[in-house]
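Can you keep this structure in mind? I'll have questions shortly.
Please treat every number below as a calculation from the coordinates, not as lab data. Small disclaimer: the values here were computed from a predicted structure and weren't measured. Using ideal geometry, Cβ is built from the backbone for each residue, glycine included, and neighbour counts are taken over all protein chains shown.
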Amino acid sequence: MTIQRMDNVGIVVDDLETAIAFYTELGMELEGKAPIEGRWAARVVGLDDQRVEVAMMRTPDGHGRIELAKYHTPKAISGVPADAPANTLGIRRVMFAVDDIDDTVARLSTHGAELVGEVARYEDSYRLCYVRGPEGIVVGLAEQIS
């Protein structure tokens, strides 16, 4: 049996509302928010007495999701520096296809995003860049060249 689909990518954040605003500006839609706690949740993630607020963000096509999680208890811990470079072990970024990379970077910058490098062209196919958003999360942007 193979997998059916990728359901979501989980991102732990300290400021849930800032993260929601950032991904909303990117073009994602808030699907819902909910508290997560109880024995079943603790058994799944291996954390006793957890209390988490989760916001599910959906891409406009309805196929991709990001689960933003704010841990109230136990408090979140930092795994890597907020400005970790692209060659740091672990999940380093989430990439989105966008219509207009320059406009997207400009809009995200109003939410604190900064370019990691620069907008670069890959052959005659794409314009690409990485931006660092809230909590140091790296988001890749790809604009297909027509």
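Rounding to the nearest 20 debye, state how big the charge dipole of the chain is about its Cα centre with +1 on each Lys and Arg Cβ and -1 on each Asp and Glu Cβ. Intermediate results must be reported in sequence, preceding the final value.
Numbers: 15 positive and 24 negative charges, 122 e Å.
Here the size comes out at about 580 debye.
Longest exposed-loop-site-free stretch of the chain, with GluC sites (Glu not before Pro), DSSP loop and at most 12 other Cβ within 10 Å?
Values: sites that count: Glu118, Glu123.
Longest run free of exposed loop sites: 1-117.
Can you tell me the length gained on complete extension of the stretch Ala106 to Ala82, counting 0.36 nm per residue apart and subtracting the Cα distance? Spell out each step's value before the answer.
Numbers: separation 24, 0.36 × 24 = 8.64 nm, distance 2.13 nm.
The span from Ala106 to Ala82 would gain 6.5 nm if fully extended.
Just to confirm my numbers, what's the Cα centroid distance between region 1-49 and region 69-126 in Å?
Spelled out, the Cα-based centre of one part sits 17 Å from the other.
Starting from the 7 Å offset along Cα-to-Cβ, what nm value, one decimal, do you get for the label separation of Glu37 and Glu53?
Those two pseudo-labels are separated by 1.2 nm.
Per-residue ellipticity at 222 nm for the chain, helices alone: DSSP H runs ≥ 4 residues times -39500 (n - 2.57), over residue total, nearest 500 deg cm²/dmol? Walk me through the numbers before you get to the answer.
Working: 3 runs with 27 residues, N = 146.
That comes out to -5000 deg cm²/dmol.
Let me ask another. Report the full-extension gain for the segment Ile91 to Val116: residue separation times 0.36 nm, less the Cα-Cα distance, to one decimal in nm.
Stretched fully, the Ile91-Val116 segment lengthens by 7.4 nm.
Under a plain spin-label model, where a point goes 7 Å from the Cα along Cα-to-Cβ, how far apart in nm are Ile145 and Thr73?
Distance between the two pseudo-spin positions: 5.5 nm.
Same structure again: May I ask you to compute the full-extension gain from Ile3 to Glu17, defined as 0.36 nm times their residue separation minus their alpha-carbon distance, rounded to one decimal in nm? If you can, show how the numbers build up before the last one.
On the way: separation 14, 0.36 × 14 = 5.04 nm, distance 3.21 nm.
My answer for the length gained is 1.8 nm.
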